Amino acid sequence: MPADRLHLVRHGEVHNPRRVLYGRLPGFGLSVDGRRMARQAAEYVHGLDRPVSALIASPLQRTRESAEPFEALFGIEPVIDERVIEPTNVFEGRRMKRALANPINWRHLRQPDVPSWGEPYAQVVARVTAAMDDAWDRVPAGDVVVVSHQLPIWVTHLALSLQPTRHDPRKRRCALSSVTSFERRDDADGSRRWVEVAYAEPASTAGAVDVGAV
């Protein structure tokens with residue numbers, strides 16, 4: 001038997017006083033509020049009263065720290081999976097408004113459907129869904145929690161919903177410490193597909209700084 005449900009959980013607020021696009025840069029851990037948000041996300045999943053059998057996290061500091069409350073509440077150690085990491089982008093370490101004001105950077109915006117400023121959306125979806133498939137098949141029963149990042153979660157949602165992955169980053173439905181839940185179901189033709197079954201924003205994010213990635 002495979003797993004029962006898989007939850008894609010976004011990390012909490014990051015300590016980012018300069019408000020740069022941190023991407024995959026090291027040294028960006030959770031703020032005090034971010035740790036509270038991560039705890040609220042874990043408490044939400046715990047409150048579903050569903051057994052969690054596996055915990056997976058991106059290798060970046062903010063996701064590993066966001067996995068800690070899940071480890072404490074469910075008593076399971078996280079497995080680090082590079083496939084659910086933040087995508088690369090050429091604007092890492094910069095402030096977005098300043099970067100876009102410089103004409104030399106405009107060339108990076110020439111193909112927003114790819115996108116031309118970072119890792120292709122199709123590649124992100126492929127690696128995240130591969131990690132989801134492997135986790136689902138590896139866990140004999142119970143739920144899986146995957147702690148990841150906004151863009152991987154959002155473009156995976158779009159792709160699995162059969163929507164175009166090109167989008168406006170300002171309009172993503174993937175708040176800090178949000179939980180997007182999926183199940184795998186059988187179609188009439190015998191194939192299996194991921195189906196989103198729930199989305200929740202259990203953490204209070206009022207006043208949060210959320211400018212870390214594109």
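Here is how the numbers come out for the structure above:
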{"read-out": "With Cα atoms, 0 to 90° folded angle of helix 61-74 axis to the chain main axis", "value": "20 degrees"}
{"read-out": "Computed over the chain: relative contact order in percent, which uses C-alpha pairs under 8 Å that are six or more apart", "value": "34 percent"}
{"read-out": "The range 138-214: Rg to Rh, with Rh as the Kirkwood radius over Cα pairs", "value": "1.01"}
{"read-out": "Whole-Å distance, taken between Cα centres, linking the range 154-187 and the range 30-90", "value": "18 Å"}
{"read-out": "Integer Hz, Karplus 6.51/-1.76/1.60 couplings in order for the range 132-139, x for Gly and Pro", "value": "5, 4, 5, 5, 4, 6, 7, 8"}
{"read-out": "Kirkwood hydrodynamic radius (C-alpha pairs) into Stokes-Einstein, the range 1-119, 25 °C and 0.890 mPa s, D in µm²/s", "value": "152 µm²/s"}
{"read-out": "Under 5 Å, built H, 5+ apart or other chain: amide partners of ILE80", "value": "ALA57"}
{"read-out": "Percent breakdown of C-alpha pair distances by 10 Å bin, ordered from the shortest bin, for the chain", "value": "9, 35, 36, 16, 4, 0"}
{"read-out": "Percent antiparallel among DSSP beta bridges (both partners in the chain, rounded to 5)", "value": "50 percent"}
{"read-out": "Per-residue ³J(HN,Hα) for the range 156-173, Karplus 6.51 cos²θ - 1.76 cosθ + 1.60, θ = phi - 60°, Hz, x for Gly and Pro", "value": "5, 4, 4, 5, 6, 8, 6, 9, x, 7, 5, 7, 8, x, 6, 10, 6, 9"}
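We did not get these values from a lab; they are worked out from the coordinates using the rules stated. This structure is a prediction, so every number in the text was calculated from the model and none was measured.
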